[in-house]
C-alpha cells in the first residue's frame, strides 16, 4: 500500500492547536519532533565539544595538570558516548524525522506517538549520563567501549557505569523504536507513484541505516544487560575469575559498534547525495549504483567487527577473514566517492555553505577511507591499533564524514525548517574554521600514532610533544568555528530574512518534495497528497 | 601496471612518506629503522599499502579540486546532463576490488609470519597489573616487576602475555609487537631484536586511572651480558 490521496489525517493533536510549551511537550508532529532532536543533539554536541577542548588542553604539552587522571578518563569516556549516542545518532534521526516523510510525500511518520516516545526517551537517558558525573566515583571512565573487567564492579565500583548502561539502554530503545517507525514509514507511506527506484537518495540512506539499527542495536542491548547483571546480580558473563570471558564483551560490543559507524555515516552520505546535485545543478550520477552500494555497506558492515580485535589474540584465520571483509567494504565506499565526483563533474557549481561542506566531506572522507583500508591489514593494524592513528582515522570518518555531512544538510534544510535564511558569510567562515581546524587537529594524530603514542592516556612522553601542540591549537580553531555556527543559527532563527518555498532555486531534476511546500511546511505537509510520475 | 612501475611507485611513495615522517619524529622510529624482523615486514606491508592505495587517494582529491575550480556556475554555460555510464561504473568497482585482492596477498603472508612463533631461545612471561608490568623468566626461575625487561640481542624471545586484573596491552612500537594482556587467557607473541639498546613502549589498552603511566622499558643486551645479568638475578641481586 502506498497511501491513497484521501488518506485520513494521522495526527490527532491538531484539532485544537496547542501553543507555548505544551505545543512541544505533547506533539506527535514529525516536524516538531525532528526539531527537538536537533536541539538535543546540539546541546550534547556543545557539551561533548567542550569536553574535547578540555582534553586537548590537558594534552597541549606533556606533564600538564589541567585535569586529574580520573577526571581525564571520565571526560574522554563521556566525549565519545555523547558524540556518538547523544549527538550524531539523534541528530541524524532528527533530520530524517523532519525530511523523510515530506520527501516521500507522507503526512507524518507511520506511528506518530511512537515517534514522540522515541524522542522523549532520550531526555532521561541524557540526564542519567550527565548526573553520573556528580555522583560519588564520577561518571563511567572506561572509554565509550567500557571493556570489562575494568567496567566490572570490582574495578569501577561507583554508580557511574550503572547509569552509563541504563542511559545507553534507553537511548538504544529510542533508536530501535525509531528504526521500526522509519522502516514502516518508508515501506508503506510513500506517495502514489513513488516506486522503489524513485525514492530520493537521502530516504534510501535513512531506510538502510534504520534497517542496520534494527539488527545491530538489540545486540548492544543484550551485551549491556549482561554487563549490568555481572555488576548487580553476581553473574559472570565477562568475569574470568568465575569462568567468564572479557573478550566476549568485545565481540558483542563491536558487533553493534562497527555497524554503528555506518549508522552514523550512511545518512550523511545520503545528505551529500542530495546536496551535491542541487548545487551543481545536475542530476545525481549513478543513482542505482549508490543505492546498491549503500545496501552493500549495510550488509558487509556486519562482517567486519573483528578488525577492532586484531590484537586480542583471536584466531589468525578469523583475523584474515575480518581483514578481507574490511578491505571489501572499501569497494562500495569507493563507488560512492567516484559517483559523487562524476555528479559535480561538468555541473554549474554554486559554492554556497552546504556545497562547501559537501565537497569538504568528500575531501576528508577519502582520507578516512584510505586509512581505513590500511587498518584492515592485520599487521599494520596491530602496529597502530589503540594509538592516536586510530583516533585520527575515526575522526576523519566521523568528524570529516558524519559531522561535515550534518552541517551540509543542516545549512541546506535550515531555510526549510526555520522558514528563515542563515547568514551566508558567517556560514562560509564557519566552514573554513572547521575545515582548517579539523585538519590541524586530526592530521598530526596520524603521525603521533605511527610514532607509537597510545590513545586514552592523560599525559605522554616528551617525544610526542610537537604534534600535540599543533593538535591542541587546531582544536581551539575548531572551537572558534563552532561559536560562529551557534551565533549564526541563533541569530538567523530570530532575525534572519524570511525564506521562500525554494530559496535554493532547484532545477527540476533535483527538486525533492519538501521544496514544493512552504518554508516551514504546513501541518501535515500536503493539503492533497502529491502524485509522483 | 608492470612490476617495474610498481617498484618505482613503491619507492617514490616510501621516499615521500620517509620525508614526511622524518619531519614528524625521531630517527629511531620503526618505519625508518626497524629493529625486529616483524617490524621489517610490517614496514614493507605499510609501504605496499601506501603505494597501492595512494594512487586512488590522490586521484580522488585532485578530481574534487579540479571539478570545484573548473565547473563553477557561469551565466550562459548550462550544466552537463549525463547521469549514468555503466561501463565507467563497472570499471571503478572492479579496479579497486582487484587492487585489494593484490594487497590481500602480502597481508596474509605477513600475518602468518607474525603469528607463527618460531622455536624460541628464551621465554618471558609478561603479566599486566594495574599499573605496572611483571616479568617472569620460567626457564631461569626469575620473577620481578616494575623494572625494565632485559633480553639478549639476536635471540628469539617468546612472550606469553596475560593479566592479573583488567585488560592491558603490551606494546613496543619499535618491535612491531602489540599483544593484549587478557585476564584468564595467555596470548603468545615473539620478537628478535637485531641490536642492543633501550626501547620504550607503554600499555595500549585503557586499564584505569593511571593507564597513561604504565610504561614499558626493554633493555636489549649482548648474550654474554644477558647471561651475567640473569645469573645475578638468580642470586637475588
Worksheet entry | Test set (1) within 22 Å of residue B:71 (Cα to Cα); (2) assigned to a helix (DSSP H, G or I) - residue A:351 fails condition number | (2)
Practice prompt. Mind telling me which of the residues A:272, A:297, A:263 ends up being buried (at least 21 other Cβ atoms within 10 Å of the Cβ) and farther than 19 Å from residue A:94 by Cβ?
Written response: A:297
Worksheet item: Is at least one residue of region A:231-243 under 21 Å from the mean Cα position of the chain (by Cα), farther than 30 Å from residue A:289 by Cα and in a helix (DSSP H, G or I)?
Response: no
Worksheet item: Which one is surrounded by the most Cβ atoms within 10 Å (Cβ to Cβ) among residues in region A:364-382 that are free of Cβ contacts under 8 Å to residues at least 60 places away in the same chain and at the interface with another protein chain (Cβ under 7 Å from one of its Cβ atoms)?
Response: A:379
Worksheet entry | Test: residue in region A:207-223 that is more than 22 Å from residue A:303 (Cβ to Cβ) and either in a helix (DSSP H, G or I) or out of contact with any strand residue (DSSP E or B) (no Cβ under 6 Å at 6 or more places or on another chain) (or both) | no
Fill in: Those residues of region B:162-171 which are surrounded by 24 or more Cβ atoms within 10 Å (Cβ to Cβ) and more than 8 Å from every other protein chain (Cβ to nearest Cβ), in sequence order
B:163, B:168, B:170
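Looking only at region B:83-101, filter to residues that are more than 7 Å from chain A (Cβ to nearest Cβ) and touching a helix residue (DSSP H, G or I) at 6+ places or on another chain (Cβ under 8 Å); which one of those is farthest from residue A:380 (Cα to Cα)?
Filtering region B:83-101 for residues more than 7 Å from chain A (Cβ to nearest Cβ) gives B:85-88, B:90-91, B:94-95, B:98-99, B:101.
Narrowing the set further to residues that are touching a helix residue (DSSP H, G or I) at 6+ places or on another chain (Cβ under 8 Å) leaves B:85, B:88, B:99.
On the way: B:85: 36, B:88: 32, B:99: 17 Å.
Result: B:85.
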Practice prompt. Say whether the condition of being free of Cβ contacts under 8 Å to residues at least 40 places away in the same chain and buried (at least 24 other Cβ atoms within 10 Å of the Cβ) is met by at least one residue in region A:143-152.
Written response: yes
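Against the definition (more than 10 Å from chain A (Cβ to nearest Cβ), under 20 Å from the mean Cα position of the chain (by Cα), more than 30 Å from residue A:64 (Cβ to Cβ) and surrounded by 22 or more Cβ atoms within 10 Å (Cβ to Cβ)), how does residue B:193 come out, yes or no? Please lay out each step first, then the result.
Values: more than 10 Å from chain A (Cβ to nearest Cβ): yes; under 20 Å from the mean Cα position of the chain (by Cα): yes; more than 30 Å from residue A:64 (Cβ to Cβ): yes; surrounded by 22 or more Cβ atoms within 10 Å (Cβ to Cβ): yes.
So residue B:193 fits the description; yes.
Determine, yes or no, whether residue A:443 is surrounded by fewer than 23 Cβ atoms within 10 Å (Cβ to Cβ), within 12 Å of chain B (Cβ to nearest Cβ) and either on the phi > 0 side of the Ramachandran plot or not in a loop (DSSP other than H, G, I, E, B) (or both). Please lay out each step first, then the result.
Values: surrounded by fewer than 23 Cβ atoms within 10 Å (Cβ to Cβ): yes; within 12 Å of chain B (Cβ to nearest Cβ): yes; either on the phi > 0 side of the Ramachandran plot or not in a loop (DSSP other than H, G, I, E, B) (or both): yes.
Criteria met by residue A:443.
Return the only residue of A:436, A:450 being touching a residue at least 40 places away in the same chain (Cβ under 8 Å), within 14 Å of chain B (Cβ to nearest Cβ) and in a helix (DSSP H, G or I). Spell out how you get there, then give the answer.
Values: A:436 fails: within 14 Å of chain B (Cβ to nearest Cβ).
Matching residue, one of A:436, A:450: A:450.
Residue check: is residue A:228 surrounded by fewer than 24 Cβ atoms within 10 Å (Cβ to Cβ) and either more than 10 Å from chain B (Cβ to nearest Cβ) or touching a strand residue (DSSP E or B) at 6+ places or on another chain (Cβ under 7 Å) (or both)?
Numbers: surrounded by fewer than 24 Cβ atoms within 10 Å (Cβ to Cβ): yes; either more than 10 Å from chain B (Cβ to nearest Cβ) or touching a strand residue (DSSP E or B) at 6+ places or on another chain (Cβ under 7 Å) (or both): yes.
In short, yes.
I'd like the residue in region B:31-42 that is facing chain A (nearest Cβ under 9 Å) and either assigned to a helix (DSSP H, G or I) or touching a strand residue (DSSP E or B) at 6+ places or on another chain (Cβ under 7 Å) (or both) and, out of all such residues, is nearest to residue A:282 (Cα to Cα).
Among those residues, the one meeting the criterion is B:42.
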Worksheet item: Is it the case that some residue within region A:331-340 is facing chain B (nearest Cβ under 10 Å) and part of a strand (DSSP E or B)?
Response: no
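Sort through A:419, A:401 and tell me the only one that's in contact with a strand residue (DSSP E or B) (Cβ under 8 Å, 6 or more places away or on another chain), in contact (Cβ under 8 Å) with a residue 24 or more places away in the chain and either away from chain B (no Cβ under 14 Å) or surrounded by 19 or more Cβ atoms within 10 Å (Cβ to Cβ) (or both). Before the answer, list the steps.
Details: A:401 fails: in contact with a strand residue (DSSP E or B) (Cβ under 8 Å, 6 or more places away or on another chain).
After applying the criteria, what remains is A:419.
Can you tell me which residue among A:323, A:311 is part of a helix (DSSP H, G or I), at the interface with chain B (Cβ under 9 Å from one of its Cβ atoms) and buried (at least 24 other Cβ atoms within 10 Å of the Cβ)? Don't jump to the end; show me each part of the working.
Values: A:311 fails: part of a helix (DSSP H, G or I).
Among A:323, A:311, only A:323 is part of a helix (DSSP H, G or I), at the interface with chain B (Cβ under 9 Å from one of its Cβ atoms) and buried (at least 24 other Cβ atoms within 10 Å of the Cβ).
Read-outs: derived from the displayed coordinates by stated rules, not from any lab. A quick note: this is a predicted structure, and the numbers were derived from the prediction, not measured. Reconstructed Cβ throughout: ideal geometry from the backbone, glycine too, with neighbour counts over all protein chains shown.
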